[in-house]
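Structure, as structure tokens:
The values are calculated or read from the model by the stated rules, or taken from the named source; none is laboratory data. Treat the numbers as computed from the prediction; the structure is a model and nothing was measured. Every residue, glycine as well, gets a Cβ built from its backbone with ideal geometry; the counts of neighbours run over all protein chains shown. To get the accessible areas, we keep the full protein, side chains included, count just its heavy atoms, and leave off ligands, DNA and RNA. Shrake-Rupley method; radii C 1.70, N 1.55, O 1.52, S 1.80 Å.
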Amino acid sequence: AQSVTQPDIHITVSEGASLELRCNYSYGATPYLFWYVQSPGQGLQLLLKYFSGDTLVQGIKGFEAEFKRSQSSFNLRKPSVHWSDAAEYFCAVGGETGRRALTFGSGTRLQVQP
Amino acid sequence: KAGVTQTPRYLIKTRGQQVTLSCSPISGHRSVSWYQQTPGQGLQFLFEYFSETQRNKGNFPGRFSGRQFSNSRSEMNVSTLELGDSALYLCASSLQGKETQYFGPGTRLLVL
């Protein structure tokens, strides 16, 4: 069965600093990988996705993620964090044959200090 | 293009009641999936509908059910509500044959 681990429950960074959120997955075949962001009381907004090809993918709001098969990781990065990036971030894996059911990590809450 | 819409946004019910939540997918999207989000269990897949048929189902009791209409709009129903059903229920839609799911704002259900 597929699974996703986000080791960091809560991260605090200063505005303007760089950010890396970790995501490790377990999946038998080539996974479909996603990062979503959720602001308080809101739904999930898709930041970026990886299906195949170039292992470095660009998303919205200046985010990027790198797929590393050897490490079963799909870490999210941003070179300079803005106060508006404070939110909860979810990594998800999909693609299990015949099922359009995403498996989510437990999320990482990002706090941005001025 | 309008995004996924969900109604109502907030609901308060009491134990034993039933509730119906509605989801309208993005225009042209025919697949609709439902997820439950709670602080304790996180985001969990409930079920997926495509062309009015349930294609996949998560590990939830039979009190949770859904349906999809010919216009792709979907409803989910929870019968005999329990306190533990308090959650944010998220609907997501996707294009036929595509894996990317786009989420609505959710319906927050509080069971008293």
Requested in this report: Measure of size requested: the Rg and Dmax of chain B, with Cα atoms as the atom set and Å as the unit; please supply both.
Outcome: 13.1, 40
Query raised in the report: Under unit Cβ charges (Lys, Arg +1; Asp, Glu -1), what dipole magnitude, rounded to 20 debye, does segment A:42-114 have relative to its Cα centre?
Result: 100 debye
Query raised in the report: Can you pull the percent of chain A's accessible area that's carbon plus sulfur, 1.4 Å probe, other chains left in place?
Result: 47 percent
Query raised in the report: Expressed as a whole number of Å, what is the distance separating the alpha-carbon centroids of segment B:35-112 and segment B:1-20?
Result: 11 Å
Query raised in the report: Can you tell me the Rg and Dmax of the protein assembly as shown, counting just the alpha carbons, in angstroms?
Result: 17.5, 51
Query raised in the report: About the Cα centre of the protein assembly as shown, what is the dipole size in debye to 20, counting +1 per Lys and Arg Cβ and -1 per Asp and Glu Cβ, all else neutral?
Result: 500 debye
Requested in this report: Please state the charge dipole magnitude for chain B, taken about the Cα centre, from unit charges on C-beta atoms (+1 on K and R, -1 on D and E), reported in debye and rounded to the nearest 20.
Outcome: 140 debye
Report summary line: Residues meeting the amide H criterion for residue B:95 (H placed from the backbone, H to H distance under 5 Å, 5 or more places apart or on another chain) are none
Query raised in the report: Between B:111, A:106, A:33, whose Cα lies farthest towards the positive end of the dipole of the protein assembly as shown when Lys and Arg beta carbons carry +1 and Asp and Glu beta carbons carry -1, centred on the Cα centre?
Result: B:111
Requested in this report: Kindly compute the accessible surface that chains B and A hide from a 1.4 Å probe when together, both sides summed, and give it to the nearest 100 Å².
Outcome: 1700 Å²
Query raised in the report: Using the heavy atoms of the protein chains alone and a 1.4 angstrom probe, what is the accessible area of chain B per residue in square angstrom?
Result: 47 Å²
Query - Rounded to whole Hz, the Karplus (6.51, -1.76, 1.60) HN-Hα couplings of segment B:29-41, x for glycine and proline - result: 7, 10, 9, 10, 10, 10, 9, 10, 10, 10, x, x, 9
Query raised in the report: For chain A, what is the per residue volume of the convex hull drawn over the alpha-carbon atoms, in cubic angstrom?
Result: 98 Å³
Report task. Taking only protein heavy atoms into account and a 1.4 Å probe, give the accessible area per residue of segment A:1-108 in Å². Result -> 46 Å²
Requested in this report: Using Cα pairs closer than 8 Å and at least 6 residues apart in sequence, work out the relative contact order for segment A:44-113, in percent.
Outcome: 20 percent
Query raised in the report: Once the dipole of the protein assembly as shown is set up with Lys and Arg at +1 and Asp and Glu at -1 on Cβ about the Cα centre, which of B:89, A:55, B:71 lies farthest towards its positive end?
Result: B:71
